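Since the structure comes first, as structure tokens, the remarks are kept for the end.
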Amino acid sequence: MGHIFPVRYVNPSNIDENFRLVTILREPLQRLISHYAFFKASTFNGNYLWEQFKLQGGSFEEFAFSPEMRNVYSTYTSGIDLDLFTYIGTYEDLGVSTKTCLDLLGILYPDNFILPLENKNNLKVKVDVSSTLEKDLRDFHSEDYAIYDFALNKFHRNHTEVNHEF
């Protein structure tokens with residue numbers, strides 16, 4: 001299942017040799033851009049985050065620097081030791097990450113299966129991110145970058161060049 005807080009499911013009584021905690025993350029800036037595009041293309045009347053987004057004028061910068069969007073990954077993994085994750089995949093290598101997760105869970109993955117990369121919205125939102133804005137966003141979302149870099153270092157060191165250290 002997606003978009004869950006692992007702390008709801010992880011407790012000493014269910015951690016044994018059969019326990020597997022896996023997730024797939026997206027590069028934090030790309031996740032922000034995708035989330036922004038989703039909010040631009042959708043209507044969620046009554047949803048606090050979406051209504052704040054619309055009230056703020058809807059610019060990418062306001063969205064990306066809002067307290068509600070700050071360090072989303074660290075919020076989701078709060079209370080969980082990252083070393084409890086059996087595997088953390090990346091959206092940027094979704095096919096391999098999905099296959100690895102399924103293998104770890106003992107679920108068969110057909111050899112000829114091609115995983116479709118689909119976005120749930122059809123709005124093509126163009127977001128220009130200058131190098132200065134990217135640096136400021138990396139600083140603002142530093143905890144998310146630390147988690148993402150931890151995953152790259154621990155699970156993808158043979159496949160991905162890492163730009164940051166945990």
Starting from the range 69-90, keep only residues that are free of Cβ contacts under 8 Å to residues at least 12 places away in the same chain and buried (at least 16 other Cβ atoms within 10 Å of the Cβ), then list their pairs with residues that are part of a loop (DSSP other than H, G, I, E, B) and among the charged types (D, E, K, R) whose Cβ atoms are within a distance under 7 Å, requiring at least 6 positions of separation or different chains. none
Where in the range 1-81 are there helices (runs of 4 or more DSSP H), lying fully within it, with 3 or more residues that are among the aromatic types (Phe, Trp, Tyr) and within 26 Å of Glu92 (Cα to Cα)? 28-41
Are there any pairs with C-beta distances below 6 angstrom linking a residue in the range 124-142 that is at pLDDT below 95 to a residue that is surrounded by 11 or more Cβ atoms within 10 Å (Cβ to Cβ) and among the aliphatic types (A, V, I, L, M), with the two at least 6 apart or on different chains, and if so which? Val125/Ala37; Val127/Ile33
One residue is enough: does the range 42-54 have a residue meeting the conditions within 13 Å of the chain's Cα centre (by Cα) and in contact (Cβ under 8 Å) with a residue 24 or more places away in the chain? no
For the range 57-67 the number of residues that are of a type outside the set (Gly, Ala, Ser), open to solvent by less than 60 Å² (accessible area, probe 1.4 Å) and without any contact (Cβ under 8 Å) to a residue 60 or more places away in the chain is 1
Condition check: at pLDDT 75 or above and either in contact with a Phe, Trp or Tyr (Cβ under 8 Å, 6 or more places away or on another chain) or open to solvent by 60 Å² or more (accessible area, probe 1.4 Å) (or both). Does Met1 satisfy that? no
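The values are calculated or read from the model by the stated rules, or taken from the named source; none is laboratory data. The shown structure was predicted, so the numbers you read here are calculated from the model rather than taken from an experiment. We place every Cβ from the backbone using ideal geometry, glycine too, and count neighbours over all the protein chains shown. The accessibility values were calculated without ligands, DNA or RNA, using every heavy atom of the protein model including side chains. Shrake-Rupley method; radii C 1.70, N 1.55, O 1.52, S 1.80 Å.
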